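Here the structure is laid out as structure tokens; the discussion comes afterwards.
Read-outs throughout are calculated quantities, based only on the coordinates presented, and are distinct from any laboratory measurement. Every value quoted in this text rests on a predicted model; they were computed, and no experiment measured them. Positions of Cβ are backbone-derived with ideal geometry, glycine not excepted, and every protein chain shown enters the neighbour counts.
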Ligand SMILES: Nc1ncnc2c1ncn2[C@@H]1O[C@H](COP(=O)(O)OP(=O)(O)O)[C@@H](O)[C@H]1O
Ligand SMILES: O=c1ccn([C@@H]2O[C@H](COP(=O)(O)OP(=O)(O)O)[C@@H](O)[C@H]2O)c(=O)[nH]1
Ligand SMILES: [Mg+2]
């Protein structure tokens, strides 16, 4: 990947909110962001971009100059510097627009730090709103330990989970609070089962003018 340049330095965003719709999906580790995004993709035709997945892909990419750094940050549950994450997101969005003509994005697990929220909205595109999944730590911890049995992730262990919770409270919740103060947060309780949580998501989306895609099957 070319050296990062220009991130956060643009005077105007790459895209306007009319050209590209971005919904940030936030919530603690294990709140259910990925699970709900999968449902939204199938019903609303969003392109799902998980910042964590993009980082893990870059970490494992042969020859990546950021691999070791990303590995350390993820194990420690801290937030990778914005120059890397925003560039990965921007490249993935450009790809999706060129290949799949996508302009509706769910950005999952980003922004987790205020400076990254500001830089992304200033240099890539302002978000339409943030979908925030609210979930108590004990529920998230149980889910993550269970996920850790099969995820193979280096951070689904109790030591990393505790660090991730601390990062979430100290670094990521300020992002949600700022967006909330701007009236740009849709907050959904994420403690019930996946389907019940998704019902609440759909209700909230409808109130914001977002409707599922009606698949019309043409009889040949
Ligand atoms: N509403 C839910 N109730 C119970 N388990 C859930 C729920 N949503 C997700 N899970 C499970 O909890 C774990 C974390 O879910 P995931 O969607 O990966 O969350 P996140 O992306 O926020 O970390 C996964 O094992 C998933 O299957
Ligand atoms: O914008 C981001 C998103 C993720 N991460 C790192 O990637 C890890 C895993 O993020 P992911 O969203 O995959 O975890 P989840 O919340 O889904 O368990 C985080 O703990 C961070 O260390 C990051 O640095 N910046
Ligand atoms: Mg996730």
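See the values below:
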item	result
Tally, over segment 106-139, of residues that are within 17 Å of the chain's Cα centre (by Cα) and within 16 Å of ligand 1 (Cβ to nearest atom)	13
Hits in segment 125-152 (condition: farther than 18 Å from residue 172 by Cβ and within 13 Å of ligand 2 (Cβ to nearest atom))	145, 146, 147, 148, 151, 152
Filter result for residue 104 (away from ligand 2 (no atom under 13 Å from the Cβ), over 18 Å from residue 187 (Cα atoms) and touching a residue at least 40 places away in the same chain (Cβ under 8 Å))	yes
Candidate set from segment 44-60 (those that are away from ligand 1 (no atom under 16 Å from the Cβ) and in contact (Cβ under 8 Å) with a residue 60 or more places away in the chain); member that is surrounded by the most Cβ atoms within 10 Å (Cβ to Cβ)	44
Count - residues of segment 41-60 that are more than 17 Å from residue 102 (Cα to Cα) and near ligand 2 (Cβ under 9 Å from one of its atoms)	6
Unique residue being within 16 Å of ligand 2 (Cβ to nearest atom) and on the phi < 0 side of the Ramachandran plot when the list is 192, 166, 184	166
From 71, 102, 122, 75, residue being surrounded by fewer than 19 Cβ atoms within 10 Å (Cβ to Cβ) and out of contact with any helix residue (DSSP H, G or I) (no Cβ under 8 Å at 6 or more places or on another chain)	122
Residue within segment 31-39 that is crowded, with 16+ Cβ neighbours inside 10 Å and more than 16 Å from ligand 1 (Cβ to nearest atom) present	no
Helices (runs of 4 or more DSSP H) lying entirely in segment 141-220 (those with 3 or more residues that are surrounded by 14 or more Cβ atoms within 10 Å (Cβ to Cβ) and in contact with a strand residue (DSSP E or B) (Cβ under 6 Å, 6 or more places away or on another chain))	194-207
